[in-house]
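Any read-out appearing in this document is the output of simple, stated calculations on the displayed coordinates, not a laboratory observation. For clarity, every value in this text was computed on a predicted model and none was experimentally measured. Quick reminder, even Gly has a Cβ in these numbers, built from the backbone with ideal geometry, and neighbours come from all protein chains shown.
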Amino acid sequence: MEFELVIGFEVHTELKTRSKVWCGCSTEFASPPNTNVCPVCLGLPGSLPVLNREAFRLALKTALALHCDVPPITTFDRKNYYYPDLPKNYQISQNDKFLGKGGHLEIDLGEAGTKRVGIDNIHLEEDAGKNLHPEGKALDYSLLDLNRAGMPLLEIVTQPDIRSREEAQAFMASMRNFLKYLDVSDCKMEEGSLRFELNMSLRPKGTDLFGTKVEVKNLNSTSVVLKCIDAELGRQSELLAEGGQVVQETRLWDEAAGVTRAMRTKETATDYRYFPDPDLVDVEVTEAYKKEVLADIPELPVARCRRFQEKYTLSAYDAGLLTSARQTADYFEEAVRLHNNPKGIANWIMTEAMRWLNERSGADELTMDDFPVKAPAIAELVRLLDEGTITGKIAKQLFPMMLDTGKMPATLVEEKGLKPLDDSALEPVVEEVIASMPKVADDVRNGKGKAIGALVGAVMKKTQGKANPATLTPLIKSKLGVE
Ligand SMILES: [Zn+2]
C-alpha cells in the first residue's frame with residue numbers, strides 16, 4: 001500500500017524586543033548565566049507580570065499578516081506543568097481567547113508555484129529557561145540558566161496541510177522568510193529564536209481520513225526536521241504495512257542514532273489544567289489599533305516575488321532569489337529605479353554580490369546591507385555598460401576595485417584610464433595585428449568569416465580589453481577590405 005504524508009507544524013519564534021514579555025529584563029543573547037533575571041521571571045512569590053506592549057504589537061502584526069481573525073478581546077492563561085527550567089511551575093500562554101485564529105501562509109514551491117498552508121491559531125506566550133548538562137565533567141547535578149525564562153515567544157500552529165518532504169522544506173523556508181520580512185524575529189535557528197516542531201501521520205494514498213499522529217520535538221535545524229520526516233516515514237509505514245498501529249505520543253529526535261524515540265504519551269489539554277491568569281488583565285484590540293499595525297506590514301515575499309516576475313519580466317527562479325531576503329529585494333529595486341535594466345542589474349546581484357555574501361556569511365548571516373558596493377554604484381556600472389562607455393571585460397576589472405575602494409565606477413574609469421579606445425587610437429593597433437597575422441588575415445579575405453575572431457582577440461589582448469567588440473569588428477573588416 002502506498003502512503004501519503006500528513007504534516008502540521010508548531011512554530012515557535014522569539015520576538016525581537018529589547019525586554020522580556022512580563023518584566024523589564026534584557027533579552028540579549030549569550031549574556032552570562034542568570035544575569036538577565038528579576039523577581040518576576042524568577043517566579044518569586046508576590047511578583048506581578050506586566051505585558052510588554054511591543055511584544056504584543058509584534059505578535060498582532062504577525063497574526064494580521066497571516067490573515068488571522070483577531071478577536072476584540074484576547075486573554076492569557078496559565079499552563080501548569082513542573083520542570084526545573086520553569087520557575088513559576090506554570091507557563092503564561094493562551095488557550096481560550098487566542099490572539100488569532102484561522103488564516104494562512106502562502107508558501108513558495110519554486111517552479112511548482114505556491115500553496116496555502118492553513119493556520120489553526122497563533123498565540124503569545126513566554127519561553128522557558130535552559131537546563132545545562134556540562135559535558136566531560138563528572139557532575140552529579142545539572143545547571144540552570146534562567147536568562148531565557150520569560151522571553152516573548154510566539155507560537156504559530158498550522159493545519160495538517162503539508163503533504164510531502166518538499167512541501168515541509170518549502171514551508172520552513174517560507175515561514176522564516178515571512179518572519180524576517182515582517183521584522184518580528186531575528187529567526188536564528190542555531191540560537192533557538194526559531195524552532196519547528198512537527199506532527200505527522202500517514203494515510204493510504206487517495207483517502208482523506210487522518211491517521212494517528214505523533215509529535216516530534218528537539219528539532220534544532222531545518223535539515224534535522226527533514227531527516228526526522230524520512231525516519232518517521234520509514235517507521236510508521238513499516239508499522240502500518242505489518243498491520244500494526246501508530247501510538248499517539250510525543251517523540252524526541254535522537255540525532256546520534258538518526259531515529260525518533262518515544263518520550264511520553266501525548267498529554268491532553270486537561271493535563272495542563274489551564275485557567276485564566278488572574279495576574280493579567282484582558283487585552284482589547286481596537287479596530288484603530290489593528291489599522292495602525294496593519295499599516296506597518298510590508299509587501300510579503302511571495303507577493304513580491306510574483307510582482308518581480310510581472311513588473312521586471314524576470315524568471316520565477318531569478319525573482320525567487322532576489323526576494324529571498326528583504327534587503328536584497330530593496331537593493332534591486334533601488335538600483336532599477338536609478339537605471340532601468342532589471343535583468344542586467346539582477347545578474348550582477350545574483351552572481352558577484354551573492355558570491356561575496358556567501359563567502360563571508362558565517363553563523364551571522366550577512367545581508368545586502370553589509371555589501372560594500374551600494375545600489376547606486378551597481379546601477380551606474382550597468383548604465384556605463386549599456387551606453388557602451390565600458391566593455392564587459394572592463395566591468396569585470398572594475399568590480400573588485402569598487403569593492404576595495406567604495407568608489408563609483410565612473411570615477412574609477414576616469415582615474416584608471418579605462419575608457420574604451422576610439423577608432424583613431426585603435427587603428428594603429430589593428431594594422432599592427434593584421435601585419436603580424438598574415439595567414440589569418442588572408443583567411444578572412446578569402447571568405448572564412450569566423451577567422452576574424454582571432455584578430456579581435458589579439459587586439460583585445462594588446463589593448464587590455466579597452467577595445468569595444470561592437471565597433472572593433474567593423475574596423476578590422478574595413479582594414480581588410482571585406483564586407
Ligand atoms: Zn525579569
Among all the aspartates and glutamates, which ones have a C-alpha under 18 Å from residue 461's C-alpha, if same-chain residues fewer than 8 places away are not counted? 422, 423, 427, 431, 432
Label-zone membership for the range 368-383, site residue 361, 7 angstrom Cα→C-beta point, backbone N under 14 Å: 368-371
Subtracting the Cα-Cα distance of residue 138 and residue 255 from 0.36 nm times their residue separation yields 39.8 nm
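Can you give the calculated 222 nm mean residue ellipticity of the chain, where each DSSP H run of n ≥ 4 adds -39,500 (n - 2.57) and the sum is split over every residue, rounded to the nearest 500 deg cm²/dmol? Spell out each step's value before the answer.
Values: 16 runs with 183 residues, N = 483.
It comes out at -11500 deg cm²/dmol, rounded to the nearest 500.
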Specify the inter-centroid distance of the range 262-332 and the range 29-96, based on alpha-carbon positions, in whole Å. 19 Å
Which value in nm describes the separation of the simple spin-label points at residue 111 and residue 317, placed 7 Å from the Cα toward the beta carbon? 0.9 nm
For the range 148-229, what is Rg from Cα atoms divided by 2.2 N^0.38 Å, rounded to two decimals? 1.20
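Once R0 is set to 22 Å, what does the formula 1/(1 + (r/R0)^6) return for the Cβ-Cβ distance between residue 454 and residue 386, expressed as a FRET efficiency to the nearest 0.05? List each step's numbers first, then the result.
On the way: r = 28 Å, r/R0 = 1.28.
Taking R0 as 22 Å, the efficiency between residue 454 and residue 386 is 0.20.
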P(r) for the range 30-131, please, calculated from all Cα pair distances in 5 Å bins and given in %. 2, 11, 16, 18, 16, 13, 11, 7, 3, 2, 0, 0
From the phi angles alone, apply the Karplus equation (6.51, -1.76, 1.60; θ = phi - 60°) to the range 183-193 and give each ³J(HN,Hα) in whole Hz, x where the residue is Gly or Pro. 6, 9, 8, 7, 6, 8, 4, 6, 9, x, 7
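If r is the Cβ-Cβ distance from residue 275 to residue 53 and R0 is 30 Å, what FRET efficiency results, to the nearest 0.05? Please list the in-between numbers first.
On the way: r = 25 Å, r/R0 = 0.82.
It comes to 0.75.
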Taking only Cα atoms, what is the 0 to 90° angle, nearest 10, from helix 165-182's long axis to the longest principal axis of the chain? 90 degrees
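Within the chain, what percent of beta bridges assigned by DSSP are antiparallel, to the nearest 5? Intermediate values should be presented prior to the final figure.
Working: 53 of 56 bridges.
Beta bridges within the chain, antiparallel portion: roughly 95 percent.
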Note down the relative contact order for the chain as a percent, whole number, built from C-alpha pairs under 8 angstrom at least six residues apart. 14 percent
What pairs in 291/343; 20/130; 97/290; 61/213; 393/439; 61/311 have C-alpha atoms more than 25 Å from each other? 291/343; 61/213; 393/439; 61/311
Where a Cα-Cα gap under 18 Å defines reach, which aspartates and glutamates qualify for residue 88, not counting those fewer than 8 residues away within the same chain? 77, 125, 126, 127, 145, 271, 277, 279
Would you please state the base-10 log of I(q)/I(0) at q = 0.10, 0.14, 0.17, 0.21 1/Å for the range 334-483, with intensities from the Debye formula using one equal scatterer on every alpha carbon? -0.46, -0.75, -0.93, -1.18
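Applying a 10 Å radius around every beta-carbon, put 464-475, 445-456 in order of their mean neighbour count, most first. Each step should come with its number before you reach the end.
On the way: 464-475: 17.4, 445-456: 13.6.
Put in order of decreasing packing, that is 464-475, 445-456.
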The Cα extents of the range 423-480 along the principal axes, largest first and rounded to whole Å, are 28, 21, 17
For the chain, give the magnitude of the charge dipole about the Cα centre (Cβ charges: +1 Lys/Arg, -1 Asp/Glu; no others), in debye to the nearest 20. 1080 debye
Rg(Cα) of the range 203-332 divided by 2.2 N^0.38 Å? 1.62
Kirkwood calc, the chain, C-alpha pairs only, radius in angstrom 26.9 Å
Work from the charge dipole of the chain (Cβ charges, +1 for Lys and Arg, -1 for Asp and Glu, about the Cα centre) and give the residue of 283, 152, 446 farthest towards its positive end. 446
Suppose R0 equals 35 Å; then what is the FRET efficiency for residue 374 and residue 288 from their Cβ-Cβ distance, rounded to the nearest 0.05? 0.35
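Compute the whole-percent fraction of alpha carbon pairs in the range 299-416 spaced more than 18 Å apart. The partial results should precede the final answer.
Working: 3422 of 6903 pairs.
Of all Cα-Cα distances in the range 299-416, 50 percent exceed 18 Å.
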